[in-house]
Number of protein chains: 4
Amino acid sequence: MGNIFRITTWGESHGKAVGVVIDGCPAKTKIDLEAIQFELDRRRPGQSKIVTQRKEGDKIEILSGVENGISTGTPISMLVWNEDQRSKDYDELNDRFRPSHADYSYQQKYGLRSVAGGGRASARETIGRVAAGAIAKEILKQKFGVEVLAWVESIHDIKANIDAQNVTLDMIESNPVRCPDPETAQKMIERIEAVRKNGDSIGGVIAGLAKGVPAGWGEPIFDKLEAELAKAIMSLPACKGFESGSGFGGTLLHGSEHNDEFFVDDERNVKTYQNNSGGIQGGISNGMPITIRAAFKPTATIMKAQKTVNLNLDNVSISGKGRHDPCVLPRAVPMVEAMMALILVDHALRQEAIR
Amino acid sequence: MGNIFRITTWGESHGKAVGVVIDGCPAKTKIDLEAIQFELDRRRPGQSKIVTQRKEGDKIEILSGVENGISTGTPISMLVWNEDQRSKDYDELNDRFRPSHADYSYQQKYGLRSVAGGGRASARETIGRVAAGAIAKEILKQKFGVEVLAWVESIHDIKANIDAQNVTLDMIESNPVRCPDPETAQKMIERIEAVRKNGDSIGGVIAGLAKGVPAGWGEPIFDKLEAELAKAIMSLPACKGFESGSGFGGTLLHGSEHNDEFFVDDERNVKTYQNNSGGIQGGISNGMPITIRAAFKPTATIMKAQKTVNLNLDNVSISGKGRHDPCVLPRAVPMVEAMMALILVDHALRQEAIR
Amino acid sequence: MGNIFRITTWGESHGKAVGVVIDGCPAKTKIDLEAIQFELDRRRPGQSKIVTQRKEGDKIEILSGVENGISTGTPISMLVWNEDQRSKDYDELNDRFRPSHADYSYQQKYGLRSVAGGGRASARETIGRVAAGAIAKEILKQKFGVEVLAWVESIHDIKANIDAQNVTLDMIESNPVRCPDPETAQKMIERIEAVRKNGDSIGGVIAGLAKGVPAGWGEPIFDKLEAELAKAIMSLPACKGFESGSGFGGTLLHGSEHNDEFFVDDERNVKTYQNNSGGIQGGISNGMPITIRAAFKPTATIMKAQKTVNLNLDNVSISGKGRHDPCVLPRAVPMVEAMMALILVDHALRQEAIR
Amino acid sequence: MGNIFRITTWGESHGKAVGVVIDGCPAKTKIDLEAIQFELDRRRPGQSKIVTQRKEGDKIEILSGVENGISTGTPISMLVWNEDQRSKDYDELNDRFRPSHADYSYQQKYGLRSVAGGGRASARETIGRVAAGAIAKEILKQKFGVEVLAWVESIHDIKANIDAQNVTLDMIESNPVRCPDPETAQKMIERIEAVRKNGDSIGGVIAGLAKGVPAGWGEPIFDKLEAELAKAIMSLPACKGFESGSGFGGTLLHGSEHNDEFFVDDERNVKTYQNNSGGIQGGISNGMPITIRAAFKPTATIMKAQKTVNLNLDNVSISGKGRHDPCVLPRAVPMVEAMMALILVDHALRQEAIR
C-alpha cells in the first residue's frame, strides 16, 4: 500500500508474530517508540471491559531503519510477538465455516485456511497498520502540521451529536468507547455491555477528521484523495461503508444547498462556508478539514447457535466459544486514524515530488 | 489502475480528444466495437431530455491491440475526438472558482488549471473508463460467466423498491433515468425536469450488482475486493459515498441478525440465506452476488448566483451559464458498471495467476 | 514504466498509429514541440543512406496535457500516425518464424501474432519512448541542469576512442552514424554500406552519459539507479548487454586500481580522481558523471536464406525481402538517451518527495 | 520487487536482524526450511577460507505464511538475527567516506548514514533475497519444472571454459570458489588467496542458466524478460555489468552468424541450432535455456591506504581494518540464482494470469 510511503504487513493471529515493513519513510524523521506503543495500546485487546478480554501485551519492537531514535531512510521493520496462542479454543471450528467470517472464502481461494484465530483475516493483522500509522502521524505533524483524529459517532442506534472541529484526542480517550460526547458514551457502553451479556454483537459508525491539510494533495483521476481514503478504510476488517463529506446524506440536498461557496477571510485565506465536500474537490484537498465516516458491521463472532456448512458440505450448526468482542468500534478508532494518516502522508510526499 | 488488466486514461474536456490505453488484456479476446459504442452511448450527453444537451457523437476509434476483431495481447489504445469545443461559454469563468468544482484545488495543486469545461476534472474523462469497461465486461462474460449491472435506486428522496436479483439490462434501459421500476422512474424523471427548470440540481444513489462471480476473487488485506471496488467507484466524479452489502444500514443490526448463515442447496452449492456481506467476506468473494451502492452528490454546476472568490482573492459572485446536467445519475450508471467490471476482471486474472 | 514520471506506450508497426501517455509530468513544464520532433527525426527511418529507407514522416501530435506550450499536470497523450503500411512485403512471412525475431516467442505467448512489420515487437514502438524522453530531457535541463547524451562507440570491430567528457550534441549529429570521432565515423559508415550491399547486418556498442546529476538520486536496494538504467536500456529492441562505469572491463582490475578515491577540489566540491563507479555508488548517484554502455546485436532482418520452422512445424527456409536496416545503432542513439532521461527524471522527482 | 510474486527486504548489517516479506506466494507450496537454509549457507560469511571470516550462523526463522511446511497464500515473513555486531571495528570510519562504497552517496541522499558495516548497503541485505529466492526455486521446480543455476566463470583474468548445458549443482558446490571446472577453480582459489594476503581484492564474472523455461514467459515492452533480469542482477551489490545471450561479444558477429536458426527435432520440439538469443527473443522466452552473465567489480574494502574526504570536506586518507572479503564472487553465486529465480517465478505467474 502506498506509492512513496509504502507499507507491507504480514502475520497471522496465531502464528509467531505480526509485523510491518515501511519503505520510503523520509530520513531524519524522529521516531518515538512510546508514540507507537500508545497507538498499539489503543488498539489492544483487554484494554477495557467493553472489548475482548484476550490478554496481549502487544509490545512493539523495531528491527531496522531507525538509529538513535531517528529514521535512516531505509526500510523500517517492526513486529509484535504473539503471546496468547490458545488454539484449543478453536479446535471445534476446524471443519465448520463461521458465518460472515472469512473462513469459507479463504478456503475457496487458497484451498486451505488457518483455522486458529481467523489466521490472516484476524484483526490482529492491523497491528502493523497501526504501528506504521503512528509513524505516518509523526511525519504529518512534524513536516506538515497535520493532525488526524477519529472517534465513535454511533453505536447501533445511539448517535452522538458532535462538533467535529472542537474534538481533541483527550476528549476521545476520556472514555473506553472513544466517543467524545461523555453522556452518549455512557449509553453506548451500557448498550455494549448488555449485548455482550446476551452473547450478541453490534456495530456503528466512526468519524474521521484531518486538520491542517493544505490545498493540493491528491490526484485527479484514479488516485483521488477520497478514493484512496475509501480503499484504505474499506480494507479494515468489518468495514462495510465509507463516506467523504456529505456522503449518502448529501443525496437529499439540492445543488444550491450542497455547494460549498468560497470566501476569503480576514487573513486572506480561502475557505468555504460549509464543508459538504469534506475538504476534497475533484479528488484534491482544498484546504478545509478532511472529514470521512466509516460503517462497521456487528462483529461476526457471537455466542449463539447458527446454521452453517462444514468441509464435507453438510448442513450443520455452530456456536461460538471463547472470548469475543461484542463491538469492534472502540478498537477500530486508532485503525481508522492510522489508515487516514498512511494515505495522507503518501500524498503529501507525492505532492512534494511534482511541485 | 489495475494490477494485471491495467488502464491509463488521458484527455481534457476541451482538448483534442480523450482516450484510454489498456495493458494486460488477454490475447484472443473477441473485441466488439458495437458493444463498446453501446456503452459510450449510454454515457453520452444529449441522449435524452433529462441530461445535458451538449451534442457529442462520441464515436470510439481503436488504434492498436486489436486485429480482425480479436485482441492481440498488446496494449489496446482507444480514443474519442472532441467535437463540441465551445470554450466561449466558459470565458467569464476564467478568474473565478466555481463552488464545489475542482477549480480551486487544481489551481492550488498545479499552479494553473484548464478553465474550459473543467479540463481533466470533466466527466468527459470517464469516456476512457467506459470504453475499457466494455472490454472488461466482455472478458468477464466470455471467460468467467459474470454479468455486471447497475441502476438508479434513488433520486433525491424518491427511492425505488427493487428486487435486485431479477433486474435485467432491458429493464434498466427501458427509461431514460435508468431505474428498473417504471413507476418510480417516471417520478424521478419529473423531479429532474422540475429541478432543471429551476436551474438547480439533485443527486441520488446507484446500486451495482455482479452475478456469477465465483468464490475466491479478491485479496485478504489492502486489496480486499470491497476496498478495490470502493476506490474505483469513489474515483468517479461526484461520488461521495460507497457501501458494500449492508453498508451503513448494517450498523443498525445485531450480529445475530446481520450474520449470513450458510447452507448447501440441492445441487451441493454453498449459499447464504441472506447476503448482508454483499458477496464478499474477508475481502474475498464467497460466490453470492456482489452488491454495492454509491452516493452521487447533486451536480455542482447550477444556474443560480453563488458566492465565490477570484484569482485575486476578492469575494465575488458567479452564476452558471451554458448547458448543465441537472442530475448525473442516469449517465453515471454505465460508469459504475465499467468500474466494477474493471476491478473484477483484474481480480479474476490475479486469481488465475496463483491458482 | 516509472514511479512518479510514468509512461505507457502503445501501437504496432502496421496499425493505425503508435503513441505514449505520460503521467506525472510536473505542471508548468515548457513543452517544446520542435524539441520532441527533433528527437523523433533522429530516430526516423530514411534519415540517411545508412539506415532503412522506409519513408515515414513521424510527425508528433499532442492530444492532451499541454496548453499554450505548458504542461498542465494531467496526462500528456502523444501519437504518430502510421503512413507506410506496405503489409504486402510481409505476406510470405505469414507462416514462417523469422530467426532471432520475436515471431515464435509471441506466437507461443499469445497464441497469435501480428505478422506485418513485427507488430508490437517492431522498433516503431520506440517512437513513444523517444517522444516522452524528449520531455524528460526538458525537465532535467530546466529544473535540474542535467544533460543526457549518447553516441556510437563501436560498430562491429571498429571502435572509436572518445573523450566522453568533451562530447557535444553537435559532434554526435555531425555524421549519420552518430559517432563523435569523425575519422572513425567514416570507417563505420563504409562498413555499414558494405554489409548492407552484402544483405547482412552488424551491431555495436553505444555509450551514454549524464552530466550534472547531483549526488543522492537512486534507491538503495532493488531500484538502484544502475539497476533501473539497466532495465530501461535492456528493454530496447536488439539490446543484449549493459554496463555501468567500468562494467565487464572492471573485473580485470584489482580493488586498489578500481576504487575511486575521493578528493575535495578548490571549490569545495567532492569528486573522485577516476570514475569506475560510473557516477553511481551503492545504487545512488555520487555527483560524478553517469556513464553507461549498451551492446546492440546485429539486426535480425537479413537478405540471406536461413533455416526456420513454419506454423505446421515443418523445417523450411526463409529469405528476407523488402527494406532492411543493416545496423540499428545510429537510430538507437536517441532511444538510449530517451531511456536514460526517463529513468533520471523519475528518480529526480522521487528524491524531491523524500528530501 | 515483483508483480505477482513480490518481495520486500529490510535490515542493516549491524541492526538487530535482516529479513524479507514475500507477498503472492501461491498457497499449498511445499516450503522446505532446509532448502532455504542450504542457500543461506552458500551465501554465508566464514563458509570457506577464501571468503570473509566473520562468523555468522545466519539461521533463518519463518514468522508467518507457512503452516505445517505448506504456504497458506498469505505473506511469508522470514528473518535472520544479527549476531556479530562488532561495530568497534568501524569506529574510525565514522567521519571518512570509504572509496567506492555507498558512504558518500548515502550521506548526500539521506543527510546521514549508518556507519557500522555499511548499514543497508551491506551485502547482508541479500539474506532476504536469497531466502525468498529459495522459495522461488521451489515453485519453479514443483510447478514448472525449471532449474536455475549459476557459477563463477572468471576471476580476474582466469577464465574457465565450461559447457553450460552439462553443469550441475554438485559440480558448482564441489569447490569453494563455485567454478564447475576443478582445475581452473584451483587456480582461482590460489589467486584469491594471494590477493587477500596482499590486502587487495579482485572481481570476476558469474554465469547464470535457467533450464526448462517454456516459451511465452516475459512481456513485450518495458518488462522484457531480459530487462527484468538485468535490473534484478544489477541490483546486487558490486554488480557493474549484465549480458543476455551473446551480450557484448555478439556485437562482433554479423547477423548471418548471430541469428539463431530454428529447426524441429524428432519429438516435434522447436529449437534453435545455437543460442545467441540466450533463450529470449523480443523479451519473451523461446523455450531454449536462458543464459546470462554478470560482472562483479573487485570488493571496495581493501587493507591499503587510500585517499578520501571526511565529513568536514578535508582531504584525508583511510586504511581498511577488520576482516574483508577479497572476492565476493563465491558468495554471489547463490544471490544470482536467487534473483533469476525471483524474476522467473513472477513472470511464470504473470503468464498464468493471461493464458
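The values are calculated or read from the model by the stated rules, or taken from the named source; none is laboratory data. Everything numeric in this text was worked out from a predicted model, so none of it was measured. Here the Cβ is made from the backbone with ideal geometry for all residues, glycine too, and neighbour counts use every protein chain on show. Quick note on the areas: whole protein, heavy atoms, side chains included, nothing else; ligands and nucleic acids left out. Shrake-Rupley method; radii C 1.70, N 1.55, O 1.52, S 1.80 Å.
Here are some notes:
- Any hit, the stretch B:329-337, residues being in contact with a Phe, Trp or Tyr (Cβ under 8 Å, 6 or more places away or on another chain) and open to solvent by 40 Å² or more (accessible area, probe 1.4 Å): no
- D:Val177 vs. criteria in a loop (DSSP other than H, G, I, E, B), in contact with a strand residue (DSSP E or B) (Cβ under 9 Å, 6 or more places away or on another chain) and modelled with pLDDT of 95 or more: yes
- When restricted to residues that are open to solvent by less than 50 Å² (accessible area, probe 1.4 Å), in a loop (DSSP other than H, G, I, E, B), within 22 Å of A:Ile343 (Cβ to Cβ) and not hydrophobic (A, V, I, L, M, F, W, C), the stretch A:22-70 contains 4.
- Sole residue being open to solvent by 10 Å² or more (accessible area, probe 1.4 Å), within 11 Å of chain A (Cβ to nearest Cβ) and small (Gly, Ala, Ser), chosen from B:Ser277, B:Ser285, B:Ser317: B:Ser317
- Meets criteria (among the hydroxyl-bearing types (Ser, Thr, Tyr), over 24 Å from C:Asn68 (Cα atoms) and either in contact with a strand residue (DSSP E or B) (Cβ under 8 Å, 6 or more places away or on another chain) or touching a residue at least 12 places away in the same chain (Cβ under 8 Å) (or both)) for C:Thr52: yes
- Within the stretch D:124-161, tally of residues that are in a helix (DSSP H, G or I) and touching a residue at least 60 places away in the same chain (Cβ under 8 Å): 20
- Considering (1) within 13 Å of another protein chain (Cβ to nearest Cβ); (2) within 14 Å of the chain's Cα centre (by Cα); (3) not acidic (Asp, Glu), the lone condition that B:His347 does not fulfil carries the number (2).
- Top-ranked residue in the stretch B:116-152 [being within 24 Å of A:Phe248 (Cβ to Cβ) and open to solvent by 20 Å² or more (accessible area, probe 1.4 Å); ranked as modelled with the lowest pLDDT]: B:Ala121
- Residue count for the stretch B:194-215, restricted to those that are in contact with a Gly (Cβ under 9 Å, 6 or more places away or on another chain), within 21 Å of B:Thr301 (Cβ to Cβ) and in a strand (DSSP E or B): 2
Residues checked against (1) outside any loop (DSSP other than H, G, I, E, B); (2) surrounded by fewer than 24 Cβ atoms within 10 Å (Cβ to Cβ); (3) on the phi > 0 side of the Ramachandran plot:
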| position | (1), (2), (3) |
| --- | --- |
| C:Thr184 | yes, yes, no |
| C:Ile192 | yes, no, no |
| C:Trp217 | no, no, no |
| C:Lys240 | yes, no, no |
| C:Gly249 | yes, yes, no |
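- For the stretch C:194-206, filtered to residues that are charged (D, E, K, R) and open to solvent by 40 Å² or more (accessible area, probe 1.4 Å), the residue that is farthest from the other protein chains (Cβ to nearest Cβ) is C:Lys197.
- Only a single item in (1) touching a strand residue (DSSP E or B) at 6+ places or on another chain (Cβ under 7 Å); (2) under 30 Å from C:Ile7 (Cβ atoms); (3) part of a helix (DSSP H, G or I) is not met by D:Glu228, and it is number (1).
- Every residue from the stretch D:231-260 that is more than 7 Å from chain C (Cβ to nearest Cβ) and either closer than 21 Å to C:Leu225 by Cα or charged (D, E, K, R) (or both): D:Ala232, D:Ile233, D:Leu236, D:Pro237, D:Ala238, D:Cys239, D:Glu257
- Selected residue (criterion: nearest to the chain's Cα centre (by Cα)) from residues of the stretch C:207-230 that are of a type in the set (D, E, K, R) and within 8 Å of chain D (Cβ to nearest Cβ): C:Glu228
- Test for A:Leu209: is it farther than 27 Å from A:His324 by Cα, open to solvent by 10 Å² or more (accessible area, probe 1.4 Å) and among the aliphatic types (A, V, I, L, M): no
- Of all residues in the stretch D:162-172, those satisfying the criterion of being open to solvent by 20 Å² or more (accessible area, probe 1.4 Å) and part of a helix (DSSP H, G or I) are D:Ala164, D:Gln165, D:Asn166, D:Leu169, D:Asp170, D:Met171.
- Qualifying residues in the stretch D:1-21 (those that are more than 9 Å from chain A (Cβ to nearest Cβ) and assigned to a loop (DSSP other than H, G, I, E, B)) - the one farthest from A:Asn3 (Cα to Cα): D:His14
- Check on A:Ser174, free of Cβ contacts under 8 Å to residues at least 12 places away in the same chain, polar (S, T, N, Q) and touching a helix residue (DSSP H, G or I) at 6+ places or on another chain (Cβ under 7 Å): yes
- Candidate set: the stretch B:292-313, residues that are open to solvent by 60 Å² or more (accessible area, probe 1.4 Å) and within 7 Å of chain A (Cβ to nearest Cβ); chosen: the one farthest from B:Gln165 (Cα to Cα): B:Lys307
- Residue in the stretch A:190-249 that is farthest from A:Val148 (Cα to Cα), counting only those that are touching a Leu at 6+ places or on another chain (Cβ under 7 Å) and of a type in the set (Val, Ile, Thr): A:Ile206
- Residue tally, condition touching a residue at least 12 places away in the same chain (Cβ under 8 Å) and assigned to a strand (DSSP E or B), over the stretch D:302-338: 10
- In the stretch B:261-270, residue most open to solvent (accessible area, probe 1.4 Å) [restricted to those that are out of contact with any strand residue (DSSP E or B) (no Cβ under 6 Å at 6 or more places or on another chain) and more than 7 Å from chain A (Cβ to nearest Cβ)]: B:Asp266
- Test for B:Glu352: is it over 29 Å from the mean Cα position of the chain (by Cα) and either at negative phi or at pLDDT 95 or above (or both): no
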